[in-house]
Amino acid sequence: MKQYTLTEKFFSNKGIHLVDENEKIIGEVTGIRKEGYERKNVFNFKPVEGSSTIVGIKKRSWKNVIQPSYGVIHAEHTYTLKDKLGDNLLYFCVTGVIENDDIFIEENWKEDIIVKVNKQKVAVIRPAKFSGKSVFKIDEQISPDHRLFGLIILMVFMYQIYNKEAAVIMDLLF
């Protein structure tokens with residue numbers, strides 16, 4: 001697996017860079033606005049070469065307030081992933097299908113995010129904590145312009161949003 005790092009503490013309107021183990025810039029993440037998606041909950045990953053990937057939380061209604069849907073847009077194709085109902089009340093867990101591949105993304109007990117495609121682990125994400133850096137270990141067969149690469153990078157932002165919303169719910173309940 002190849003390792004990449006995203007330094008989130010420097011996030012600005014200009015975006016933040018994803019770098020590889022040699023500090024070479026692989027791509028940039030920016031927050032964007034997209035119709036049909038929640039404001040401030042949509043992100044774009046633009047690799048140095050290749051197509052961008054956009055991941056965002058689709059606008060919610062009273063029907064899907066407990067089970068958000070995530071839009072994944074890559075090379076003019078749009079896919080939908082959803083929180084796994086029930087599990088999402090306990091921990092971050094997202095499932096769906098992209099190009100006939102079953103996608104399963106879940107938080108483990110170490111608070112890492114494991115990404116599986118067709119039941120095979122393809123990535124491990126260690127979200128930023130005190131260091132301000134998120135670290136990604138991604139299967140070498142998934143190149144930066146591949147639709148799964150952008151999804152993996154941007155899921156760390158969906159995880160952060162999930163944690164903020166979970167904290168608000170916990171405050172309301174307790």
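The values are calculated or read from the model by the stated rules, or taken from the named source; none is laboratory data. In this text the structure is predicted, and so the values were computed from the model without any measurement. As a convention, Cβ positions derive from the backbone with ideal geometry for all residues, glycine included, and neighbour counts pool all protein chains shown. Ligands, DNA and RNA are excluded from the accessible area calculation, which covers all protein heavy atoms including side chains. Shrake-Rupley method; radii C 1.70, N 1.55, O 1.52, S 1.80 Å.
Brief remarks on what is shown
- Neighbour cut-off at most 10 other Cβ (10 Å), DSSP loop, GluC sites (Glu not before Pro), the range 20-79: 21, 23, 35, 49, 76
- Loop sites in the range 81-166: GluC sites (Glu not before Pro), DSSP, at most 15 other Cβ within 10 Å: 99, 111, 140
- Surface per residue (accessible, 1.4 Å probe) for the range 66-116, Å²: 53
- Taken about its Cα centre, the range 2-173 carries a charge dipole of roughly 500 debye when the Cβ of each Lys and Arg holds +1 and the Cβ of each Asp and Glu holds -1.
- P(r) histogram, all alpha-carbon pairs of the chain included - 5 Å bins from 0, percent: 1, 8, 17, 24, 22, 16, 8, 3, 1, 0
- Reachable aspartates and glutamates, given that their alpha-carbon falls under 19 Å from the alpha-carbon of residue 119 and they are not under 8 places away in the same chain: 83, 87, 99, 101, 102, 106, 107, 139, 140
- Relative to the longest principal axis of the Cα atoms of the chain, helix 147-173 runs at roughly 30 degrees.
- Residue-averaged [θ]222 nm for the chain, counting only DSSP H segments that reach four residues, each worth -39500 (n - 2.57): -5500 deg cm²/dmol
- Amide hydrogen proximity for residue 102: with H placed 1.01 Å from N in the peptide plane, the residues at 5 or more positions away or on another chain lying under 5 Å are 118.
- Each Cα pair under 8 Å and six or more residues apart adds its sequence gap; the mean of these over the residue count of the chain is a relative contact order of 19 percent.
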